[in-house]
1. Any idea what the dipole of region 193-317 comes to, in debye rounded to 20, about its Cα centre with Lys/Arg Cβ at +1 and Asp/Glu Cβ at -1?
2. Round to the nearest 10 and give me the degree value, 0 to 90, for the angle of helix 186-197's Cα axis relative to the longest principal axis of the chain.
3. With +1 on the Cβ of every Lys and Arg and -1 on the Cβ of every Asp and Glu, and nothing else charged, how large is the dipole of the chain about its Cα centre, in debye rounded to the nearest 20?
4. If you take the charge dipole of the chain about its Cα centre, with +1 on Lys and Arg Cβ and -1 on Asp and Glu Cβ, which of ILE99, THR73, LEU216 is farthest toward its positive end?
5. For region 128-259, which whole percent of the accessible surface, found with a 1.4 angstrom probe, sits on carbon and sulfur atoms?
6. Can you compute the helix-only [θ] at 222 nm over the chain? Use -39500 (n - 2.57) per DSSP H run of at least 4 residues, normalise by all residues, nearest 500 deg cm²/dmol.
7. In what sequence, highest mean first, do 106-116, 269-279 appear when ranked by Cβ atoms within 10 angstrom?
8. Counting only heavy atoms of protein chains, what accessible area per residue, in Å², does the chain have with a probe of 1.4 Å?
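The values are calculated or read from the model by the stated rules, or taken from the named source; none is laboratory data. This is a predicted model, so every value here is computed, not measured. Reconstructed Cβ throughout: ideal geometry from the backbone, glycine too, with neighbour counts over all protein chains shown. Ligands, DNA and RNA are stripped out before the accessible areas are found, and what is left, the full protein with its side chains, is counted by its heavy atoms. Shrake-Rupley method; radii C 1.70, N 1.55, O 1.52, S 1.80 Å.
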Amino acid sequence: MKAAVVTAFGAGPRCREFALPGSFGPDERVVDVVAAGLHPRVRSQADGSHYTSTDVLPMVPGIDGVGRTADGTLRYFILPDTTLGSMAEQTVIDIRRSIELPAGADPVQVAAAMNPAMSSWIALRRRIDLRPGLSVLVMGATGNAGRLAIQVARVLGAGRVIAAGRGADRLAGLGADQVVALDGEPRAVQGELGEAAKEVDVVLDYLWGQPTHDGLSAIVPRRSDDSRPLTWVQIGSVAGPEAAIPSAALRATRLQLVGSGQGSVSTREIVAELVELATAVTSQAFTIGARAVPLIDVEQAWADTTSADRIVITPNG
Ligand SMILES: NC(=O)c1ccc[n+]([C@@H]2O[C@H](COP(=O)([O-])OP(=O)(O)OC[C@H]3O[C@@H](n4cnc5c(N)ncnc54)[C@H](OP(=O)(O)O)[C@@H]3O)[C@@H](O)[C@H]2O)c1
């Protein structure tokens, strides 16, 4: 069968032949892949830099997708760490890590939205004490996951939502109550972010690196009630893998730093959220830009790192 195949870390995949395994476990099924999202996590899987990387080559990238089973059912699946990912005409899913999609589901939209939407959905449902009316700051709100985090927070009952990211023009129209552009003069940005977010309950952080240090330094000293919990959820690290955490921030307020991702949330917990999330995606509770690309063009799609829309590979499209 045809698949996107990575033969060297650092080089993107090429469309070529790849063999399905010869034997399967009792819960495994072969599916025809209909749509597979090219998420940042897929890029880090394919260049060997993700913390779950197995370092085994050749490999087919793709961590999730929509597939058709032998009986014609469309299922959304998440894959274990495997060398046979979802960017192939067929892949092998564990039926227990998949759900049947609701009638009318658009496979490309589902494949585009589930991974970025899950990042905030799981963080809010599984990593914090989610109470209606919570005030939420999204750090890194212009990416697919950040844009969806604003919408997911609303659907899950957040009160005020503040969006921080680069590009005032891109922040406008995302549906937040207030926006803070992070790419201005640093002192002015800190003042604006600190004032806007000083009373938030939860931060969904896709940035890490310097913006996290600066955000903590701006927000913590401005809080009016130091006994009120501030839960800072580490989700992505597009601005840097490490952040300097000011020690005073941890002493001065009831700051809790937690992470949300594969490992800190178990596969069982993630799977338990899939039906509700897929139902929300299918009922168009969220807006996401998606661009379908045939498998044969995976090499060119991979080279496009500037697309605001989520690229979705469609092996059987
Ligand atoms: N833990 C989880 O469960 C989970 C799940 C899904 C995703 N994630 C992670 O979340 C992150 C975002 O994913 P995504 O799907 O939204 O990616 P994406 O669609 O590629 O968006 C990335 C965004 O980050 C912005 N950005 C990059 N560097 C920045 C900086 N220094 N300051 C401010 N903004 C910056 C980019 O804005 P510009 O256009 O200005 O460059 C872009 O809007 C990734 O690290 C991903 O791995 C985590």
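1. Working: 9 positive and 15 negative charges, 72 e Å.
That gives a dipole near 340 debye.
2. Roughly 90 degrees, rounded to the nearest 10.
3. Values: 29 positive and 34 negative charges, 100 e Å.
Here the chain has a charge dipole of around 480 debye.
4. Toward the positive end, the furthest listed residue is LEU216.
5. Numbers: 2910 of 5790 Å².
Accessible surface attributable to carbon and sulfur in region 128-259 totals 50 percent.
6. On the way: 9 runs with 93 residues, N = 317.
-8500 deg cm²/dmol, from helical runs alone.
7. Numbers: 106-116: 24.7, 269-279: 16.8.
My ranking of the peptides, most packed first, is 106-116, 269-279.
8. On the way: 13810 Å² over 317 residues.
Result: 44 Å² of accessible area for each residue.
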